[in-house]
1. Spot the failing condition for B:Cys64; the list is (1) surrounded by fewer than 21 Cβ atoms within 10 Å (Cβ to Cβ); (2) under 19 Å from the mean Cα position of the chain (by Cα), and only one is missed.
2. For A:Lys107, indicate whether it is surrounded by fewer than 11 Cβ atoms within 10 Å (Cβ to Cβ), out of contact with any His (no Cβ under 9 Å at 6 or more places or on another chain) and closer than 25 Å to A:Pro190 by Cβ.
3. For residues that are without any contact (Cβ under 8 Å) to a residue 12 or more places away in the chain and loosely packed, with under 13 Cβ neighbours inside 10 Å, scanning just the range A:78-103, find the one that is nearest to A:Lys186 (Cα to Cα).
4. Taking into account only those residues within the range B:94-128 that are part of a helix (DSSP H, G or I) and at the interface with another protein chain (Cβ under 7 Å from one of its Cβ atoms), which is modelled with the lowest pLDDT?
5. Looking at the range A:103-161 only, could you name the residues that are of a type outside the set (Lys, Arg), touching an Asp or Glu at 6+ places or on another chain (Cβ under 7 Å) and closer than 16 Å to B:His68 by Cα?
6. Got a number for residues in the range A:161-180 being more than 7 Å from every other protein chain (Cβ to nearest Cβ) and out of contact with any Lys or Arg (no Cβ under 6 Å at 6 or more places or on another chain)?
7. Quick one: in the range A:83-129, of everything that is within 24 Å of B:Pro54 (Cβ to Cβ) and among the aromatic types (Phe, Trp, Tyr), which residue is modelled with the lowest pLDDT?
8. Please go through the range B:42-61 and pick out each residue that is over 17 Å from the mean Cα position of the chain (by Cα), aliphatic (A, V, I, L, M) and more than 7 Å from chain A (Cβ to nearest Cβ).
Amino acid sequence: MNHKTKAISFSLAMLMSAFAWNAQSYADEVTGVELPVMLAEVSPANIFNVNLKKPKSRNLPPAEDGIHDPENEATHSLQHPLDAYKGLPTSEYGNYVDWVKALDEGKLRPRWDRSDPNEEPFVLDLDIVRPVKASVPDVVFPHRQHTEWLYCSNCHPAIFIPQKNANQISMSAILLGEKCGVCHGKVSFPIETKTCRKCHSKPKPADWTPPLSEATLKNPWK
Amino acid sequence: MSSKIKRNVLKSMIIGVLAYMGALGVPQPAQAEYADVVINNYADAAGMRPAVFPHWFHRIRFRCKVCHTDLGFAFKAGGNKIDMAKIIDGKFCGACHNGEISWSVENCALCHSGIPGQPTHFHGSTVQRLIAPAYKPLQDKDAKN
């Protein structure tokens, strides 16, 4: 590095520090307090993401939700979601209510029969483990939480054949509304990054290695 | 602070306020409750507002099984071809909305409360949130052909 470039870089550094000093003193003038160092504040940028809802726009009353007609008088007599959710455990997605937890804790007593409030569901406590080819954790399907809400014939045999290895499930099918996606992503918890681990919950064994593709296995120059 | 900086701050504030006011005029996407269903099979054509079915309201009171097993509702928005004749006969919604378990069909506007012209859809469904056509596995395509 010769003298000329050294001098240029030095003056540049001086200029930048002068700017920084100026900005800092300006901030002091405005707020009267010294600002702490701001690190990785990403949330304001995400407001523009169409898939993320702002907390203010959650659980709006029917007249403001964009699908009910506010000009219809009866719209204003419909119950507000937040009134109905009082006291229920919260979650970070869907209706922002943890429906399964609410049922487990007895905060909800939804009927199992149309007219008889005393009829009890037939609950099956059976976990099904589904190994996943990729490196994400394996899927554990709990029958208990599902049979609290649904009857066997809702899923078997039309959506899932009740037999081992008889059902091929993929995330693309689920995202298109097939298999688990018949309910998940529509009514029961949505498919978002926050919910992956709810199904993909069983860690891979310690000696697990990713499977090699067929192309790699057949490669004669391997 | 020099007057030049002051002028710049003022200018950017004015631009900011104008941009904010402009953004208020942009139509906002619907922020309805997750799993609200708009059903518009026949309503628009008959001069009624489309019906809105709130899943959240009903699942507080009934488990999924009541409607989706006992009453025969398919797991598909608009897939049941419900009309008022079926409801009055006590099928689908009419199994409860008969004045005994819940309010009766005279309260037209409580269900028919949607903004006119909306297609039948499931609010907040994953399929709606895909911003590009979803990848379909090859074997599924073969099976359909």
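1. The number of the failed condition is (1).
2. Against the criterion (surrounded by fewer than 11 Cβ atoms within 10 Å (Cβ to Cβ), out of contact with any His (no Cβ under 9 Å at 6 or more places or on another chain) and closer than 25 Å to A:Pro190 by Cβ), A:Lys107 does not qualify.
3. A:Thr90
4. Residue satisfying both the conditions and the ranking: B:Val127.
5. Within the range A:103-161, A:Trp112, A:Asp113, A:Pro121 meet the criteria.
6. Of the residues in that region, 13 qualify.
7. The extreme case among them is A:Tyr93.
8. Those that are over 17 Å from the mean Cα position of the chain (by Cα), aliphatic (A, V, I, L, M) and more than 7 Å from chain A (Cβ to nearest Cβ): B:Ala45, B:Ala46.
The values are calculated or read from the model by the stated rules, or taken from the named source; none is laboratory data. This structure is a prediction, so every number in the text was calculated from the model and none was measured. Methodologically, a virtual Cβ is constructed for each residue, glycine included, from the backbone with ideal geometry; neighbour enumeration extends over all protein chains shown.
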